[in-house]
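Here is the structure we will look at.
Derivation of every value follows stated rules applied to the coordinates shown; laboratory data play no part. In this text, all values refer to a predicted model and were calculated from it rather than measured experimentally. Virtual Cβ from ideal backbone geometry, glycine too; neighbours counted across all protein chains shown.
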Amino acid sequence: MERKSTRTFVHLLIWAVAGVMAINAVAAEEGGQPKKKKKEGDPGKKVTLVGTVKAVKDEEGKLKSITLVVSEKEKYNVAKNPKGQKLAEEMNGKKVEVKGVLAKQKEKEILRVNSYKEVKAEEEADTGGAAPEENEEAPGLDEP
């Protein structure tokens, strides 16, 4: 008799587990659990741009947009991720060299910032507009 009740319990347990699995499968199909989306679109290309940062804030001081103005005709929207926000806070109105990824999002080109540094007027004049690499040493200075 005890053997029959153990067998019945095992059968009930198997059916319960199968039922829970079926309910989860239906819920997943109906959107009950979010499915991972494949990233679509342009993965972007690595770029190095030199331009002036223009940050626009609303009346409350909240950051609305960030633009890198390379020339009158060449402007790039900057992603408002943490690095973009830091660029806006630290370099608004300044000329900078930005290294990042330029990609299309919703039919617009967006610049995702990887790194940046301010370009001084002296550096620009000395290098003909191209900013020198960080920690770049001048040749021949350590010779006696």
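The table below lists the values:
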{"read-out": "Nearby lysines by direct alpha-carbon distance to Lys45 (threshold 19 angstrom, same-chain neighbours under 8 apart not counted)", "value": "Lys75, Lys80, Lys83, Lys99, Lys104, Lys106, Lys108"}
{"read-out": "Most positive-pole-ward Cα, Leu111, Val56, Val98, against dipole of region 45-127 from beta carbon charges", "value": "Leu111"}
{"read-out": "Interchain or long-range residues, amide H under 5 Å from Val119's placed H", "value": "Lys95, Val96, Glu97"}
{"read-out": "Whole-Hz ³J(HN,Hα) from phi, Karplus 6.51 cos²θ - 1.76 cosθ + 1.60, for region 103-114, glycine and proline x", "value": "9, 8, 10, 6, 6, 10, 7, 10, 9, 9, 7, 9"}
{"read-out": "Formal net charge of residues neighbouring Glu90 (Cβ-Cβ distance under 14 Å; K, R +1; D, E -1)", "value": "+3"}
